[in-house]
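S.K.: Next up is a structure, given as structure tokens.
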Amino acid sequence: MTRRTGHVVLAFALAAGVLTGCATTGRGTEAVRATPPVRATTAAPAAPSTPATPAVRTMLFDLYTHCGIDEARIGSTYFEAETPLSDGSGNPPDGWDNPYQRGTMTLKSATEAVFTDDAGHEVRFRARPAATAPKHMCA
């Protein structure tokens, strides 16, 4: 009986490691990298002394840059750049695509995200608590 239970746990763990999700980036649905597969073990479970750390999620992301790099919407949360970037005239700085820069967005936590791309850009974002709309509209 124990051997059969182990096979069921292992099968469930392997299936859980293969599943992926999707995230909306404002321009459609993009693939999300799956977390590492779960491995079944026979060790005793750890004592519940500390809460589990939320999983870091990385997704393909098209960052809207047309009026500079100032904010991003990830799911239903609005994030603002810790250091907004612009050419001084409300456009993206030199070296950024316009109107979108393709890269990845990594959700470090529910309130912190980091955008990176193949050109070497990195922008850190913080969630705007209770925000329901962009800070400003860009035409």
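The values are calculated or read from the model by the stated rules, or taken from the named source; none is laboratory data. Here the structure is a predicted model, which means the values were calculated and not measured. Cβ: placed from backbone, ideal geometry, glycine included. Neighbour counts: every protein chain shown. Note: areas computed on protein heavy atoms with side chains; ligands, DNA, RNA excluded. Shrake-Rupley method; radii C 1.70, N 1.55, O 1.52, S 1.80 Å.
S.K.: Could you tell me which trypsin sites (Lys or Arg not before Pro) in segment 69-134 are loop residues by DSSP with no more than 15 other beta carbons within 10 angstrom of their beta carbon?
M.R.: Hits after loop and neighbour filter: K108.
S.K.: State the percentage of accessible surface on segment 85-139 attributable to carbon and sulfur atoms; use a 1.4 Å probe and exclude ligands, DNA and RNA.
M.R.: C and S fraction of accessible area: 49 percent.
S.K.: If you don't mind, another one. Would you kindly state how much longer the chain becomes between T106 and D94 on full extension, computed as 0.36 nm times their sequence separation minus their alpha carbon distance, in nm to one decimal?
M.R.: 2.0 nm
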